[in-house]
Amino acid sequence: MNAGFVNIKVDREERPDLDRIYQTAHALLTRRSGGWPLTMFLTPGGAPYFGGTYFPKHGRHGLPGFLELLPRVAAAYRQQGPAIAEQSGQLADAMRTLEPDDGGALPRGAEAAALAGLKRTFDPRWGGFGAAPKFPHPFELDFCLRAHARTGDPEALAIVTTTLDRMAEGGIHDHLRGGFCRYSVDAEWTIPHFEKMLCDNGPLLALYADAALVTGEGRYRDVARGIVEWMASEMRADDGALYSSLDADSEGEEGKFYVWTADEVRAALAPDEWAVAQLHFGLDGPPNVEGHAWHLRVARSLDAVARELGIDRSAAASTLLGARRRLLDVRSRRVRPGLDDKVLTSWNALAIAGLLRAGRALGEQDWIGMAEAALDALRRTVWRDGRLYATRRGGEPALPGYLDDYAFLLAALVEAMQTRMRPEDYAWAIELADALVDRFEDRERGGFWFTAHDHERLFHRTMPGHDDATPSGNGVAARALVALGHLSGEPRYVEAAERAVRRFGPSIGESPGGYSTLLEAAHDLEHPPAVVIVAGPAGADDAGNGEAARWTSALQRSYRPWVQVYRRPRHDAPGPLVKGAPPAVGARAWVCRRMTCLPAVDDLAALEAALSRVEPG
């Protein structure tokens, strides 16, 4: 390698700008989907001319060997310079055509078409979309849940609840510590790729909490609690920020940390615990890992186990809880998977938003405190002189922030202000929004580039619109700007959001699937959220003990994504939150939409009645 090339190893999580470019280039050059590890051979100017996702050391099974390939690729560069230069120009032109064009109005019926597409690909037996490998797709599920809330569509709700139930029962869910792995290699969610990533679990936390609000089912609250327990116990840095991921491997073998033999489980448990656990986790059936071991998943419900054993369900639940604790204790003494201790700004923002949404919805103050600690840690370490950085290890930030860093963090601040209005969060949100618009927007045609205007020059500049493993940066930016624009009364934020949605209008019209976040942004533009400002007496305690806090909490326990509730702080309230004089006693609220406010309301029942008349669109 060193004889013929300048070798550069790239962490795709630290340099998503490069990963986006070269994954796309690989797909165009090879006519095959990409993946990791990706090897790309580039000219000194950064133009790719050959690549692949996996090369064995020596050729086998029809795959070229890396050692044989290297001299051939080097010779091609030396001998075929003009052809490579021509190919590079054609590739650059082809990649430009993949970016959104001049834009236009979003076609009518795009939301309905996207929902119909999700219904067609939904797996009614196992949940999720399509066949194996199967990913959670939290943004598409969130889109379905919002559609149900607006229209009452029972099929949209069934997509969400079936998927969340099957995932929670499956092996993609860690039944001992909590949290979810990256994806399932099978359609039944049984055997995952065992890597556990922060960017997946933050959105899933919000989704399970919202499902608990919509359905009233305690099982969704339990899954949400497990995600938070995993974050708190295994992913927290000393200052409250959150690490990136846990590896899939330990001792050189994927999943070794997580799988069991039946004898190991039986030896760890008391006889009554074994009786419940073997039925619940299917340890009395055939192994599900290479014919010799089990990865835990729910094979029988607790109700079925209780009936089979002739015991009360509550007794079965208590016994299973004890069994899980014993197994977790045993597992904790194994060689652990490696921890990726990078603190990624965008992934932290997704987790913070999830913690805040879930904490607010389920009344979990500790989760809110955990989110605020992470948010404050980011403010201290990755926000320097009005600029955001993408990553840090320890306390030192590195790499200029990308669109996702600014957009996801702005969205997290919108969640934070709805949870507990801290003046410093509002001020930071304004600074971030200004930086986002000024540094990333295409000033001529709208939309946000993935890299800032002063970013280093690369082979190609991308403008992402599709939701992927993380949501669309353009979609999240547009939604957050709409929310902040209507809260602050600043039209330039809403106008930037509208330009972004219009930039992708034709693309969404051609293929609405995969654009869930941008479609939600388009809905927010057409049907702006109702902004509710709740205030207590001038001398009231901001800590959350007064009538204003009770009103706010009551309003936030209903799933109404078209309503945003903010409680005005006693001191240093941002100007847009001061809609009128605070009450002498009790609480007072103002309902505003499209930057126009109704008369103040001094009664919670009257406020609920006013909100019931707010059309979700």
Q) Applying the selection to region 367-385, what residues are in contact (Cβ under 8 Å) with a residue 12 or more places away in the chain, closer than 23 Å to R420 by Cβ and not aliphatic (A, V, I, L, M)? A) W367, E372, D376, R379, R380, T381, W383
Q | Residue ranges of helices (runs of 4 or more DSSP H) in region 255-329 with at least 3 members without any contact (Cβ under 8 Å) to a residue 24 or more places away in the chain | A | 262-268, 302-309
(Q) Of the conditions (1) closer than 18 Å to N7 by Cβ; (2) in a helix (DSSP H, G or I), L29 satisfies every one except a single condition; which number is it? (A) (1)
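Looking at R150, is it out of contact with any strand residue (DSSP E or B) (no Cβ under 6 Å at 6 or more places or on another chain) and farther than 20 Å from R300 by Cβ?
On the way: out of contact with any strand residue (DSSP E or B) (no Cβ under 6 Å at 6 or more places or on another chain): yes; farther than 20 Å from R300 by Cβ: yes.
When the stated conditions are applied, R150 passes them.
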Q) When both residues are 6+ apart or on different chains and their Cβ atoms are under 6 Å apart, which pairs have a first residue that lies in region 36-53 and is at pLDDT 90 or above, and a second that is part of a loop (DSSP other than H, G, I, E, B) and not acidic (D, E)? A) L38/T53; G46/F459; A47/F459
Q. When only residues in region 26-55 that are of a type in the set (F, W, Y) and crowded, with 16+ Cβ neighbours inside 10 Å count, which is nearest to Q90 (Cα to Cα)?
A. Y49
Q.
Being surrounded by 19 or more Cβ atoms within 10 Å (Cβ to Cβ), farther than 25 Å from E14 by Cα and touching an Asp or Glu at 6+ places or on another chain (Cβ under 7 Å) is the requirement here; does R297 meet it?
A. yes
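Would you please name the residue that is farthest from the chain's Cα centre (by Cα), looking only at residues in region 379-405 that are under 20 Å from D11 (Cα atoms) and hydroxyl-bearing (S, T, Y)?
Initially, region 379-405 is screened for residues under 20 Å from D11 (Cα atoms), giving 382, 388-405.
Retained after the next criterion (residues that are hydroxyl-bearing (S, T, Y)): 389, 391, 402.
Details: Y389: 19, T391: 17, Y402: 16 Å.
Among those residues, the one meeting the criterion is Y389.
I'm checking my understanding of the structure. Among residues of region 453-472 that are of a type in the set (A, V, I, L, M, F, W, C) and surrounded by fewer than 20 Cβ atoms within 10 Å (Cβ to Cβ), which one is nearest to A407 (Cα to Cα)? I'd like the intermediate steps shown before the answer.
If we filter region 453-472 for residues that are of a type in the set (A, V, I, L, M, F, W, C), which is where we start, we get 458-459, 463, 469.
This time we only want the ones that are surrounded by fewer than 20 Cβ atoms within 10 Å (Cβ to Cβ), so: 458-459, 469.
On the way: L458: 22, F459: 24, A469: 15 Å.
The qualifying residue nearest to A407 (Cα to Cα) is A469.
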Q | Subset tally (residues that are under 36 Å from the mean Cα position of the chain (by Cα) and closer than 17 Å to R324 by Cα) for region 254-268 | A | 9
Q: Keeping to region 368-404, report how many residues are surrounded by 21 or more Cβ atoms within 10 Å (Cβ to Cβ) and hydroxyl-bearing (S, T, Y).
A: 2
Q: Check region 1-18 and report whether any residue there is without any contact (Cβ under 8 Å) to a residue 40 or more places away in the chain, among the acidic types (D, E) and either over 25 Å from S472 (Cβ atoms) or assigned to a helix (DSSP H, G or I) (or both).
A: no
Q: Determine which member of the set D438, D404, D454 is farther than 28 Å from L204 by Cβ and part of a helix (DSSP H, G or I).
A: D438
Q) Would you pick out the residues in region 581-608 that are out of contact with any Leu (no Cβ under 9 Å at 6 or more places or on another chain), within 28 Å of V494 (Cα to Cα) and of a type in the set (A, V, I, L, M, F, W, C)? A) A581, M595, C597, L598, A600
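The values are calculated or read from the model by the stated rules, or taken from the named source; none is laboratory data. Just so we're clear, the structure is a prediction, and the values are computed from it rather than from any experiment. Don't worry about glycine lacking a Cβ; one is built from the backbone with ideal geometry, like all the others, and counts go over all protein chains shown.
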